[in-house]
Each structure stands twice: as structure tokens, then as C-alpha cells.
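Each remark here refers to the structure printed beneath this line.
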Amino acid sequence: MSGKELTVAFYHCEWPRSDWNYTLPQAELDTALKEIAQELEPFGVSLRVLQEDLTISVNGYADMLNSVRLRYPTAGLGNVCLGHVIGSSPNANLVEDLRRGINRLVFAPETIEPDGSDKVVCHNCGCGC
């Protein structure tokens, strides 16, 4: 193993709106993360999943993307939100979006807009974009 580690960190979510929430598909998410870890292993990338003690207010799906952080120092990305990596979500499917974000981060990190780019749509999540 070459020591490349990708961390997926999930922040706790609070739901300030009574008219919107998102049910995390935990079983599907756990299965997908195990599959992704197996897919990345031949490329020398290990996947680590963390539940962080930080809490984010989720007012919509964009905030849901902000609650998932990707850390891949090998690509020079320390703690970016999933929304920064993938941009908009076509289907509002967290499992699909996470798979797309991880693959982009590992296999095409040069396609991720750098911090401060005018092409990045800021969600005010604190990731620096």
C-alpha cells in the first residue's frame, strides 16, 4: 500500500426547517462505502469513514452535501465539502453523489475548482471555496 488515504467525514445535521428534511439512507450508504473501499484498494487508496462531532444546519440538499467532507491530502485537498467537489447534484441522491465525488477526487482531482475560483458556487459551508 502506498499510504494514500481518503477520508469521508460526516458532520451531524440539525434540521431548523419544519418543512424539509432528508433521511440519510444509512444502510445503502454503508454498503456503497464498503464497495468503494474495495474498488479503490487496487489503486493503493484506503478509505476511512469518520463521524465528526461538528454540527451543520441543513436547510436544503446543498447543505446536506456540505455536511459530507472529503479529505485527500495526496491530491492537495484537505477538507472540502462534497458540493465543492461535484457541483450541483442531478438527482439529490447522496449515495450517487458521494460515489461521483470520491471517484472525481481520486481519479481526476485536477478537475476540481481551486479555492477562490469564480466557477465555484459557495454554499457558506466553511470549506474555503
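The values are calculated or read from the model by the stated rules, or taken from the named source; none is laboratory data. Here the structure is a predicted model, which is why all the values come from computation and not from measurement. Here the Cβ positions follow ideal geometry from the backbone for every residue, glycine too, while neighbour counts run over all protein chains shown.
Only one entry of SER117, SER57 meets the criterion of being small (Gly, Ala, Ser), at pLDDT 90 or above and on the phi < 0 side of the Ramachandran plot, and that entry is SER57.
Inclusion of THR74 among residues that are touching a residue at least 40 places away in the same chain (Cβ under 8 Å), farther than 16 Å from ARG99 by Cα, part of a helix (DSSP H, G or I) and among the polar types (S, T, N, Q) is warranted. Checking each residue of segment 86-100 against the condition of being touching a Lys or Arg at 6+ places or on another chain (Cβ under 9 Å), surrounded by 17 or more Cβ atoms within 10 Å (Cβ to Cβ) and in a helix (DSSP H, G or I) gives at least one match.
Per the conditions (1) modelled with pLDDT of 95 or more; (2) touching a strand residue (DSSP E or B) at 6+ places or on another chain (Cβ under 8 Å), the sole criterion not satisfied by GLU39 is (2).
Do we have GLU113 as outside any strand (DSSP E or B) and either surrounded by 18 or more Cβ atoms within 10 Å (Cβ to Cβ) or without any contact (Cβ under 8 Å) to a residue 24 or more places away in the chain (or both) here? It is false that GLU113 is outside any strand (DSSP E or B) and either surrounded by 18 or more Cβ atoms within 10 Å (Cβ to Cβ) or without any contact (Cβ under 8 Å) to a residue 24 or more places away in the chain (or both). Take segment 72-94 and flag every residue that is in contact with a Leu (Cβ under 7 Å, 6 or more places away or on another chain) and more than 17 Å from VAL58 (Cβ to Cβ). Within segment 72-94, TYR72, ALA75, LEU77, VAL80, VAL85 qualify.
For THR31, indicate whether it is of a type in the set (Val, Ile, Thr) and in a loop (DSSP other than H, G, I, E, B). Step through it out loud before you land on a result.
Values: of a type in the set (Val, Ile, Thr): yes; in a loop (DSSP other than H, G, I, E, B): no.
Answer is no for this residue.
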